[in-house]
Each structure stands twice: as C-alpha cells, then as structure tokens.
Amino acid sequence: MGLMTPKQYRESLKDGRLVYIYGKKVEDVTTDPALKVGVDTAAIDYELAEMPEYRDLAVVEDPDLGGEPVSRYYYIPRNAEDLIKRHELMVAATRLGGCVIPFSHDIAADALNAINVTANMMGKPEYVERAENYRKHLKKTDLSSSAAMTDVKGNRVLRPSSPQQTHPDFYVHMVDKNKDGIIVRGAKVHITAAAYLNELMVIPTRNMVEEDKDYAVAFAIPANTKGVKQICHPMHTKLSDMEFPVDHPVRTHTDSLIIFDDVFVPWERVFLCGEWQFAMPLVYNFAVLHRHTAASYRIPSSELLLGVAQAMAEYNGIERVSHIREHITDLVMYVNTLKSLARASCIDYVMHGGIPIPNPVISNIAKYQFASNFHTFVKIVQDIAGGLAATLPSYQDYQNPELKADIDKYLGGKAGIPTENRLRMLNLMRRMLTYENEIVAVHAEGSLQAQRMTVLAEAQPDIQEYKKWAEIAAGIKS
Ligand SMILES: Cc1cc2nc3c(=O)[nH]c(=O)nc-3n(C[C@H](O)[C@H](O)[C@H](O)COP(=O)(O)OP(=O)(O)OC[C@H]3O[C@@H](n4cnc5c(N)ncnc54)[C@H](O)[C@@H]3O)c2cc1C
C-alpha cells in the first residue's frame, strides 16, 4: 500500500469504531463537527509527507524494504542525524499544526521502538519476530496509531492485582487465552487522538510483581476491534464569538477513555503476556523515548509565547524598561534551554536494546525543565501583558459602532499600534494559557516525579564516576 495520502487516511477511519463524545455515539469521526478538527490535526503528518520542502524530513527510503518510502517515524534510527531529523520533523509538524503536534505517528513510534527494544532485551525470538512484523506492517500501510499506556489505576498506591482495589479492572489485564490469542479487559485514560487513529498500541503503565503477571500485557489492535469503546473529552474546536476571528483553522485533539470489554487480541499482535519482569523495562523504554518527543513538540508553543510577551511589551511601550528586559531574558533562557537540551539529547544519544535513543538524562531534563518551570514562564508572560488579558471587551463589543471608537481610544497602547492588534494579541495569549494547558504541561508524558526518577536512575554511572574523582581529589585511597 505504501504511504497514505491525507484522503486515504480520512477514508480509513470510516471503519465502524465505537466512539462517544458529548454523550452521543459518533457515526463518522471524519464528519463529526468536533472530532473532524482532531482528524484534520492528525492529517498534518500525511500532508507534510506530500510537501516537497518537508519530504526529506518526513519520508525515508528504507534500506530494509529495498528503498521503499516509509514514514520516518516507523523507520529505526541509525545515528544522531536520524534522531535530529525526527526531532526536526516533530518541530515542523507542530509549527504547521499551530503548536499542536499531529500525534498520528510520533507517540506510537515511541511505543513501537520501546516494544522493539524490550523484545530484544527479553531474548524471546517470537516477540522479536512479532515486533519486527508489526513494524513492517506499519511501514507498508502507514497506518496511524495511538499509544495507550496510562491505566485508570484506582488507588494509586495499591498494586494492579491487590484485593484491596475495589475491582480487578483498574489496569488492563488478560482474562483468558486460547490457541489463537488472548482476551483483555480494563481501561486506559487520557489517550490522545485515539478516536481518529487507526491502531491502538497498548503497553503497561507501571512495574509489576509476580502476582500482577496477568496485568503485564502489551499488544496492538485496530481501533474498531469488537469490545473497544472510546469516550472522548470535550474539545475547543472553534473560537468563541467573543474572540477576534483568524484565518487559520483551530487545531486540537481530544483524549479518550478507552474501555476494553473482553477484547480478543491475536497472538501475532501480543508483545508481552505475563512476563511481569519486563513490564517496567517496557514502561521505562517508552518513557525515555517519549520525553524527547514531549520536549520537541513543546518548542513551537514556547517560542510563540515568547513572541506574545515581546509583542505585548512593545505594544504597551515597556520593552526598554529594566524589569521587562529581565523578564524577556528569562523567557529567552527558558526557550533556548528547552531547544538546546532537546537537540543535545539526539547528538549525545545512547544505544539501548540495539537502537540509538536520545540521551535519557538530557531528554528527561528537557521535559522536566519545560514542565516544572512552565507556570513561572506563564507568570512572566502574564506580568508583561497586564490585567487586560482577563478583562478585555469582546469582539462583538469591538464590532458595535457605538463602542468601537471608545475602545480604540481608551484601550490603545503605544502610538502607532492599532488597538485591534493589542486586543488580538491578548486573545491569542488567552487561548494559549488555558487552565487545561497548564495541567497538560505538568502531566502529559508523565508526572514531574517520573522525570526526576528517570534522571536519577540514568545518571548513576556519572554520579559514581564523579564520586571517584572526589575521592581522588580528597586523597582517599581505595
Ligand atoms: C492532555 C494529556 C494527554 C495525555 N496523553 C496520553 C497518551 O496519549 N497516552 C498515555 O498513555 N497517557 C497519556 N497521558 C497520561 C499522562 O502520562 C498521565 O496523566 C501522567 O502519567 C499522570 O498520570 P495520572 O493522570 O493518572 O495522574 P496520577 O498518576 O494520579 O498522578 C498524580 C500524582 O500522584 C503521584 N502518584 C501516582 N501514583 C503514585 C504512586 N504509586 N506512588 C506515589 N505517588 C504516586 C504522581 O507522581 C503525581 O504526583 C496524557 C495526559 C494528559 C494530561
């Protein structure tokens, strides 16, 4: 089949999947007024592959398939250059998507690579073969896929199999198996774009002990598989009437609660089944890859917010005031730290399970510095912009001839800057700094503590080396 066109991608979603949003069953996700916006956002990956200026980033002539063109996401990187190109692809796709990443291949590629790496580590030939066959299938079909890791979890401090959990289905688990495959039950939550992607790649969310072995499952199934039900969270798919209209479309995603109600998975799509010792390595392998994806796609929105801050400083005539210059300097340092770390993690890659991956210490620091300092970054932008961001009149007021002259006169800033520009910039800022976006910054791609734990674990060899140097410097003889 080869690379899919955007049209083929949309057609492929008319597959009878069971999806609900706003309390109603969706007949066709490509025409549903809300989900259609998500489909258009996910389709950017397919559009980008057709644009001559991005072709080299988005498409690889795969030597493993005799030079057949495949999505860069499904190609196994060989070196730093491959990792940097993938990073640049994610940044480019997010910029094209108005600061929203398409999510149609990127997160799935992290799960796919993690499955591959873990299969290599397990040394079980059947898992290696299944992982390779599945990768080949994705390369040849160019199907989109989500990565469903986060279980609903119930009481977080209890194990998946703990009898103290109020029911046994807080984590996806195997309830039966036969000669053809396994049957799974449970639910995953927050799964981005799953409602309009072709496949669901499912992996565990935490470490397991032997009693949890039925919960140590990883598999991939089409999103229209019998027994799969998705409940989508509401999406901001259009500007409200009070906002100034813009020419470009709104880009956004929904995230699904996915319920697996005794779903059959054929053996060739099962990548972990009871090997509880490998649940944590699989989670870990996914997380270290995914934090780099997270750091990459946060770059365009961070740059845009810095642009908003600078524009508002200039519109209000305060761009040369000393504390505002200090504020802008802080924003520049935040953005460039993120960009530098995301790129450095590709250059300083490590080999892991036979695959080069972005340096886990650096990519986790990149994601952590983005997330843990995001609210400070936002506070600075808000301080520069002033309180009007909260109290500005609506676009309808500005359209009213009885009010426009007053608004133009009294809400103007520096001479020469149209009041409308000032109001438009504040509109953009309000759209970018929603309460939801603040939560997403903290939690998407794992909580802050998850990044700190990875940094500490991955930095152990360095820490021990530094300790040795300290002992030598202190004259301590071993
Ligand atoms: C917008 C968005 C998109 C997302 N997209 C995806 C996706 O596509 N695929 C996917 O798989 N996931 C996705 N996630 C999930 C994301 O990875 C989780 O939100 C994150 O891992 C936190 O999990 P949680 O939301 O269940 O919060 P919780 O796990 O409840 O975390 C809340 C707090 O509890 C702490 N905590 C939790 N468990 C323990 C424990 N056992 N011991 C000590 N402390 C604990 C955490 O460290 C944190 O401080 C997405 C999340 C968001 C917000």
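So here's what we get for this one:
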{"item": "Subset of region 179-219 (residues that are within 14 Å of the ligand (Cβ to nearest atom) and in a loop (DSSP other than H, G, I, E, B))", "result": "Ala193, Leu197, Ile203, Pro204, Thr205, Arg206, Asn207, Met208, Val209"}
{"item": "Within region 386-478, helices (runs of 4 or more DSSP H) holding 2 or more residues that are among the polar types (S, T, N, Q), surrounded by 10 or more Cβ atoms within 10 Å (Cβ to Cβ) and within 16 Å of the ligand (Cβ to nearest atom)", "result": "448-458"}
{"item": "Conditions (1) in a loop (DSSP other than H, G, I, E, B); (2) touching a Lys or Arg at 6+ places or on another chain (Cβ under 8 Å); (3) of a type outside the set (Ser, Thr, Tyr); (4) modelled with pLDDT of 95 or more; number of the one not met by Leu112", "result": "(1)"}
{"item": "Condition broken by Lys367, with the remaining ones in (1) touching a helix residue (DSSP H, G or I) at 6+ places or on another chain (Cβ under 6 Å); (2) of a type outside the set (Ser, Thr, Tyr); (3) on the phi > 0 side of the Ramachandran plot satisfied", "result": "(3)"}
{"item": "Test for Asn79: is it away from the ligand (no atom under 16 Å from the Cβ), over 30 Å from Ser302 (Cα atoms), touching a residue at least 60 places away in the same chain (Cβ under 8 Å) and in the same structural domain as Tyr215 (by TED's automatic domain parsing)", "result": "no"}
{"item": "Scan of region 93-109 for residues that are of a type in the set (Ser, Thr, Tyr) and outside any loop (DSSP other than H, G, I, E, B), ordered by number", "result": "Thr94"}
{"item": "Residue check, Tyr134 in a helix (DSSP H, G or I), crowded, with 18+ Cβ neighbours inside 10 Å and either at negative phi or away from the ligand (no atom under 16 Å from the Cβ) (or both)", "result": "yes"}
{"item": "Index of the failed condition, Arg251 passing every other in (1) over 30 Å from Arg430 (Cα atoms); (2) among the charged types (D, E, K, R); (3) within 16 Å of the ligand (Cβ to nearest atom)", "result": "(1)"}
{"item": "Number of positions in region 159-171 that are within 11 Å of the ligand (Cβ to nearest atom), out of contact with any Leu (no Cβ under 9 Å at 6 or more places or on another chain) and closer than 30 Å to Thr252 by Cβ", "result": "0"}
{"item": "Of residues in region 315-329 being outside any loop (DSSP other than H, G, I, E, B) and surrounded by fewer than 16 Cβ atoms within 10 Å (Cβ to Cβ), the one nearest to the chain's Cα centre (by Cα)", "result": "Thr329"}
{"item": "Pairs with Cβ under 7 Å, 6+ apart, first in region 1-22 and in the same structural domain as Met51 (by TED's automatic domain parsing), second exposed (fewer than 14 other Cβ atoms within 10 Å of the Cβ) and assigned to a loop (DSSP other than H, G, I, E, B)", "result": "Tyr22/Pro234"}
{"item": "Failed item in (1) within 14 Å of the ligand (Cβ to nearest atom); (2) at pLDDT 95 or above; (3) of a type outside the set (Lys, Arg); (4) not assigned by TED's automatic domain parsing to the domain that holds Val29, with Leu289 passing the rest", "result": "(2)"}
{"item": "Hits in region 5-16 (condition: crowded, with 21+ Cβ neighbours inside 10 Å and either of a type outside the set (Ser, Thr, Tyr) or modelled with pLDDT under 95 (or both))", "result": "Arg10, Leu13"}
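The rows are residues; the columns are (1) assigned by TED's automatic domain parsing to the domain that holds Ala415; (2) among the aliphatic types (A, V, I, L, M); (3) more than 30 Å from Gln460 (Cβ to Cβ).
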site: His323; (1), (2), (3): yes, no, yes
site: Met333; (1), (2), (3): yes, yes, no
site: Lys339; (1), (2), (3): yes, no, no
site: Ala344; (1), (2), (3): yes, yes, no
site: Pro358; (1), (2), (3): yes, no, no
site: Thr376; (1), (2), (3): yes, no, no
site: Lys379; (1), (2), (3): yes, no, yes
site: Asp383; (1), (2), (3): yes, no, yes
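The values are calculated or read from the model by the stated rules, or taken from the named source; none is laboratory data. No experiment lies behind these values; they were computed from the predicted model shown. Backbone-built Cβ (ideal geometry, glycine too); neighbour counts: all protein chains shown.
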